[in-house]
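Trainee: What follows is a structure written as C-alpha cells; I'll ask about it next.
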Amino acid sequence: MTRKLGLEEALDIAMDAELKAQAFYAQAAVQTNDPKGRDLLSRLAAFEQYHYQKLSELADSLQDEGAFIDYEPRTMAQFAPGTGAGEASGTPVEELEGETAILTKAIENEKIAGERYKALVEETEDPKGKAMFRQLAQEERMHERILEDEFFSLSNEGVWGWSGLYGE
C-alpha cells in the first residue's frame, strides 16, 4: 500500500532529487574526458540547478501566499556549461565504471524525476501548478532522450555525439 504524499512533502522530495541530480552531473562532468561529454553533463547540472531554484521559489510562494508560480521553460542551449563539481548522494559517480554506466544511471534518474512530476500534475488542481509540473516532466523527458542518444552514440560509435543543441 502506498500513501499519497502531501504537496509540501512531494516538493521537498523533488527539491532534494534535483540537488542530487545537479551534483551527480557536475561530478560526472569533471570525470569525463571528452569535451562534448563535459559540455552536456555540465549543462544538465545547470538545468537541474534551475529546477531546484524554481521548486524552491514555488515552495516559498505556497508557504507565504498559498499561490503557485509561473514557470518559464528552458532549453539546453540556455545553460552555459560549467566547471564545478558536486558531491552526490545515491550512487557516487566514481562507483560507476565508464561513461556508459554514468549515462545509464542518469537515464534512470531522469525517468524517475519525470514520473514524479507527472504524478504531481495529476494531484494538483491549480492550473499554474499543473502547467509547471507538466513542463518539468517534459524537460526531464528531454534530458532522458538526450542521454539515450548519447548512450547509443557511445555504445555503437565510441564517441559522444552531443552538439550543444537539442530540439532547439
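Trainee: Name the lysines eligible as straight-distance cross-link partners of LYS130: C-alpha to C-alpha under 20 Å, and not fewer than 8 places from it in the same chain.
Mentor: Result set, ordered by chain and number: LYS4, LYS54, LYS111, LYS118.
Trainee: At each listed q (0.12 Å⁻¹), what is the log10 of I(q)/I(0) that the Debye formula gives for the chain modelled as equal alpha-carbon point scatterers?
Mentor: Taken in order of the listed q values, log10 I(q)/I(0) reads -0.53.
Trainee: Still on this structure: So how far apart, in nm, are the two label points at ARG134 and LEU7 if each is 7 Å from Cα heading toward Cβ?
Mentor: 1.7 nm
Trainee: Using only alpha carbon pairs under 8 Å that are at least six residues apart, calculate the relative contact order of the chain and give it in whole percent. Can you show the working numbers first?
Mentor: Details: 205 pairs, mean separation 44.3, N = 168.
Reported as a whole number, the value is 26 percent.
Trainee: Pick out which of ASN156, ASN109, ASN33 has the largest mean-square fluctuation in a Gaussian network model of the chain, springs linking Cα atoms closer than 10 Å.
Mentor: Largest GNM mean-square fluctuation: ASN156.
Trainee: Next question, about the same structure. Per DSSP H run of n ≥ 4, the term is -39500 (n - 2.57); total these for the chain, divide by its residue number, and report the mean residue ellipticity at 222 nm rounded to 500 deg cm²/dmol.
Mentor: Numbers: 4 runs with 111 residues, N = 168.
Using -39500 (n - 2.57) per qualifying helix, the result is -23500 deg cm²/dmol.
Trainee: Right, here's the next one. Roughly how tilted is helix 127-157, in degrees to the nearest 10 and between 0 and 90, from the longest Cα axis of the chain?
Mentor: 10 degrees
Trainee: Given the options LEU19, LEU154, LEU44, which has the most mean-square fluctuation in a GNM of the chain, springs set between C-alpha atoms less than 10 angstrom apart?
Mentor: LEU154
Trainee: Considering the dipole of the chain built from charges on the beta carbon (Lys and Arg +1, Asp and Glu -1) around the Cα centre, which of ALA17, SER42, PHE68 is farthest to its positive end?
Mentor: Most positive-ward Cα: SER42.
Read-outs: derived from the displayed coordinates by stated rules, not from any lab. Since we're looking at a predicted model, the values are computed, not measured. As a convention, Cβ positions derive from the backbone with ideal geometry for all residues, glycine included, and neighbour counts pool all protein chains shown.
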